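The values are calculated or read from the model by the stated rules, or taken from the named source; none is laboratory data. Note that the structure is a prediction, hence the values are computed from the model and not measured. Counting neighbours? That spans all protein chains shown, and the Cβs are built from the backbone with ideal geometry, glycine included. To get the accessible areas, we keep the full protein, side chains included, count just its heavy atoms, and leave off ligands, DNA and RNA. Shrake-Rupley method; radii C 1.70, N 1.55, O 1.52, S 1.80 Å.
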Amino acid sequence: MRRRPPFHSRAAAAAAVLLLLLLSPAPSSQLGLGSAIAAWINGAPPPSPSPPAGAGAASSSSAAPSQQEYTALQALKAAVTEDPRGALSSWRGANVCAYRGVYCSAPPDGAAAAGAPTVVAGIDLNRAGLRGTLPEAVSLLAHLTFLHLNSNRLGGAVPDSLRDLQYLTELDLSNNLFSGPFPASTLLIPSLVYLDLRFNAFSGELPPDVFAKDLDAVFLNDNQFEGQIPETLWSSPATVITLANNRFTGPVPAAYGGYGGRVREVLFLNNNLTGCVPEALGFLPSIQVLDLSYNALSGHLPGTLSCLSGIEVLNVAHNQLTGELPDLLCDLRRITNLSVSFNFFSGISQRCDRQLGSRGVFDFVGNCVPGRDMQRPQPECEGFPGEGGLSCLRIPGARPAGCGGDAAVSVGVGVGVGIGGLPFGLPGAAAGAGGAVTVTVP
């Protein structure tokens, strides 16, 4: 994994603090983000569901859950090899509702509970320091609605039997030592809406169905996932998608087709992504945070990014982007951090300095802008093979007509153009052409 050098401006420092919080496995302040969004990205799971009236972590033995649930919890305890804080010291006896971290309630509506008026509804063992594995027998907790195990030292594979937990809505396995391929069994849990796998050692390629699942958020950062990000990315109904600090390669999936309508925050940073920044990213209607930094993206930034009227953080730092920064990006009204540092941009307008520099939200150090301070050495700029950016050339012009959704027609024209022997494609050309120019017809 590449080391990330510090930013060199106030705006970049603020961005670094924000991203530290976004990717932290421990709870932190919410930075004024919407409370629901902040809860998703600050590493803290959503508050454990309040037990229904009359339910809780203790219950009378006359209302004890079934022998099956006792068996499941004892199997979970037996799979723990270290319990430094004594979190499971109370897991003795038949009254499992008295176990620490176990929540009981009446069975879900319409659920059969083998005659027991009380069932195990949830387990919350966050930050208990447990070492061990997650046993297959956890699926015997047939009425479980939440399983919170973040910030432990649990490892091995995630059991396939999780698919049998038909009432499970929240699964938080973040900040552990789980490994192996993406746990596909989680995608077969019918009621699941919250899945957090951050800060583990999962590897291999992501299955496309990850983004077809009806999840509120997709937390996959800080693992060892590799290969290309599935094109199904923008079909996800999630509002937050974090893919940072993995080993993904290939292009950023284009957002064509009107998908990504709900997504507010997407983190691609610190992977090995290549190719152009897709024009269609500019038409994500609800995006607030878009971080593409610390990759190997090249070419020119598309002017369509000026359509992101609600964007607050846009970070493309530490890539191989070239050309002039589109003036239109500086008109983004809600932007609080725009970082283009450590690329190979050759021009930045004075208007950007006036509109964003004065607010301390614009960072463009480490580029190739003549006459500006804190730029790359001239030999480094001259030695960079900037011609590769021709594959992502954009025709400068006015703000795209389709930004506000008020254009009558937006047409992608499939044309191949060659400049200096280097072809570049337009939207509508064959897949992989790296579409570059959009023709809009009002």
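When ligands, DNA and RNA are left out and all protein chains stay put, how many square angstrom of accessible area per residue does the stretch 195-318 have with a 1.4 Å probe? Spell out each step's value before the answer.
Numbers: 3230 Å² over 124 residues.
It amounts to 26 Å² per residue over the stretch 195-318.
Any idea what the dipole of the stretch 196-274 comes to, in debye rounded to 20, about its Cα centre with Lys/Arg Cβ at +1 and Asp/Glu Cβ at -1?
Numbers: 5 positive and 9 negative charges, 31 e Å.
That gives the stretch 196-274 a dipole magnitude of about 140 debye.
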**Kirkwood Rh (inverse of mean 1/r, distinct Cα pairs), the stretch 284-339, angstrom** = 11.5
**Long-range tail of P(r) for the stretch 125-249 (Cα pairs > 22 Å, %)** = 29
**Fill in**
Of the accessible area of the stretch 176-229, computed with a 1.4 Å probe and all protein chains kept, carbon and sulfur make up a percent value of 51
**Request:** Extending each Cα 7 Å along its Cβ direction at residue 384 and residue 74, get the distance between those two points in nm, one decimal.
**Result:** 6.5
**Asked** Across 5 Å bins from 0, what is the distribution of all Cα-Cα pair distances for the stretch 215-331, in whole percents?
**Response** 2, 12, 23, 27, 23, 10, 3, 0
**Request:** For 100, 351, give the ranking by accessible area with the largest first, probe 1.4 Å.
**Result:** 100, 351
